[in-house]
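A short write-up of the structure that comes next.
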Amino acid sequence: MTHPTFTFATATEIRFGRGTAADAVPDLARLGRRLLLVTGASALRSAWLPEALATEGCETTVFSVPGEPDVAMIEAGVAAARLMGAQAVIAIGGGAVVDAGKAIAALVPATRPMLDHLEVVGRGLPLEQPPLPFVALPTTAGTGAEVTRNAVIAVPEARRKVSLRDRAMLPDLAIVDPSLTDACPRAVTLASGLDAITQVIEPYLCTRANPMTDALCRDAILVGLTALRTLMDREDPEARDAMAWVSLCGGLALANAGLGVVHGLAGPLGGLTGAAHGAICGVLLPHGLTLNDARVVDPKVRARLNEVRDWIAQALGCAPDIAFDSLAHWASDCGLPALTDLGVTADAQAQAAEAAASSSSMKANPVALSAEDLRGMMAQAG
């Protein structure tokens, strides 16, 4: 069998498992004595880290990211890092926090304004200087941002979410400690978990799938669906471990293959409305699968869609022919809001359908879709 040519790039080092975060503190301290810690709005899951680093002799400044990052927030983080003379950046939090830390680390040494490096709304220029050393510790199982080369940033004046992207932005160290996700709120677990599952389904179906990303996605789809169903019923450490693994697989896969229609729409919709990325992906996923299923003619993609259908059916205990609809109903029953309940108006849907054509995710979808197709898909998502 002849395998296709492909490239695979990821973080310099990945550490996975319970206890890896605490064990890594001495290595984090060796990054420098002045460290910028990027955290979420709550210190619940991150307060231990500055205390631990202080015992190693490090001076830390905490920069809080209360929501999904925008240009002003990143600029404030860059200013804080420069003011303290940060030698490295450590992000501990959800996907938004990791993306913010990644962008701050990239832009502290930069000589050009941020807009020169942003895709779609800017010039998309590569970084001219290497980023500061960057370490990511995710506290949710969702985006896989700890192993991707981009940071998603909102540009309010353009009403878009776009990427700052460069291979040099791949983290120096990704620490995936599932214990940091224990007892994550149910709604966050559902939305982030559906995002993680989307990110192992879309790379498996996309036009740039390769043997390495297939290996990451194929088993992770059923594992993720099964674990998330468990977590909607009860707290379970093994299911948390499984979701952390699936999220990591998704980040590795999307960074080296691509995504599809769900993420192609999620970016514009998030920029237009401010709705949470994971919730958008979760509510769109079943309808994106249904739309692709109706349009795909390539027998190889058809076979993969059938595999995904069977895995969903197995996880939910339903017949394969109703698997996509069952996924939508199950997620809704678990509390996932409909698209309009997330604040996504009909006008935002129409604008997103047009804007999605320029999305890098949409370009990897296994079949070309029209704006009319996309409007119909979003209408089905409520």
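None of Ala96, Ala154 is out of contact with any helix residue (DSSP H, G or I) (no Cβ under 7 Å at 6 or more places or on another chain), closer than 20 Å to Pro268 by Cβ and of a type in the set (Gly, Ala, Ser) except Ala96.
Please work out which residue is farthest from the chain's Cα centre (by Cα), limiting yourself to the range 129-158 and to residues that are at pLDDT below 95 and surrounded by fewer than 18 Cβ atoms within 10 Å (Cβ to Cβ). The selected residue is Glu157. Take Ala105 and tell me if it is closer than 22 Å to Ala47 by Cα, in contact with a helix residue (DSSP H, G or I) (Cβ under 7 Å, 6 or more places away or on another chain) and either outside the structural domain of Arg30 (by TED's automatic domain parsing) or not basic (Lys, Arg) (or both). No; evaluated as a whole, the condition is false for this residue.
Got a sec? Which of Ala242, Ala187, Ala227, Ala183 is in a loop (DSSP other than H, G, I, E, B), of a type outside the set (S, T, N, Q) and farther than 17 Å from Asp99 by Cα?
Working: Ala242 fails: in a loop (DSSP other than H, G, I, E, B); Ala187 fails: in a loop (DSSP other than H, G, I, E, B); Ala227 fails: in a loop (DSSP other than H, G, I, E, B).
Matching residue, one of Ala242, Ala187, Ala227, Ala183: Ala183.
For Ala76, indicate whether it is small (Gly, Ala, Ser), out of contact with any Phe, Trp or Tyr (no Cβ under 8 Å at 6 or more places or on another chain), in the same structural domain as Ala174 (by TED's automatic domain parsing) and in a helix (DSSP H, G or I). So Ala76 fails the test. Candidates Gly288, Gly335, Gly282: the one that is at pLDDT 95 or above and assigned to a loop (DSSP other than H, G, I, E, B) is Gly335. Cβ separations smaller than 7 Å between residues 6+ apart or across chains give the following pairs from the range 354-365 residues that are closer than 12 Å to Thr207 by Cβ to residues that are surrounded by fewer than 23 Cβ atoms within 10 Å (Cβ to Cβ) and among the polar types (S, T, N, Q): Ala364/Thr207. Taking Ala76, is it touching a helix residue (DSSP H, G or I) at 6+ places or on another chain (Cβ under 8 Å) and modelled with pLDDT of 95 or more? Here the answer is no, as Ala76 does not meet what is asked. Once the range 16-68 is narrowed to residues that are in a helix (DSSP H, G or I) and surrounded by 22 or more Cβ atoms within 10 Å (Cβ to Cβ), the residue that is nearest to the chain's Cα centre (by Cα) is Ala21. Taking the range 256-276, which residues are hydrophobic (A, V, I, L, M, F, W, C), surrounded by 24 or more Cβ atoms within 10 Å (Cβ to Cβ) and part of a helix (DSSP H, G or I)? Residues satisfying the conditions are Val261, Val262, Leu265, Ala266, Leu269.
Any idea how many residues of the range 369-382 are surrounded by fewer than 21 Cβ atoms within 10 Å (Cβ to Cβ) and either in contact (Cβ under 8 Å) with a residue 40 or more places away in the chain or part of a helix (DSSP H, G or I) (or both)? Lay out the reasoning, then the answer.
We begin by selecting, within the range 369-382, every residue surrounded by fewer than 21 Cβ atoms within 10 Å (Cβ to Cβ); these are 370-373, 375-376, 379-380, 382.
With the extra rule that they be either in contact (Cβ under 8 Å) with a residue 40 or more places away in the chain or part of a helix (DSSP H, G or I) (or both), the set shrinks to 371-373, 375-376, 379-380, 382.
Residues that pass the stated criteria total 8.
The values are calculated or read from the model by the stated rules, or taken from the named source; none is laboratory data. On a predicted model such as this, the values are computed, not experimentally measured, just so you know. Neighbour counts run over all protein chains shown; Cβ positions are idealised from the backbone, glycine included.
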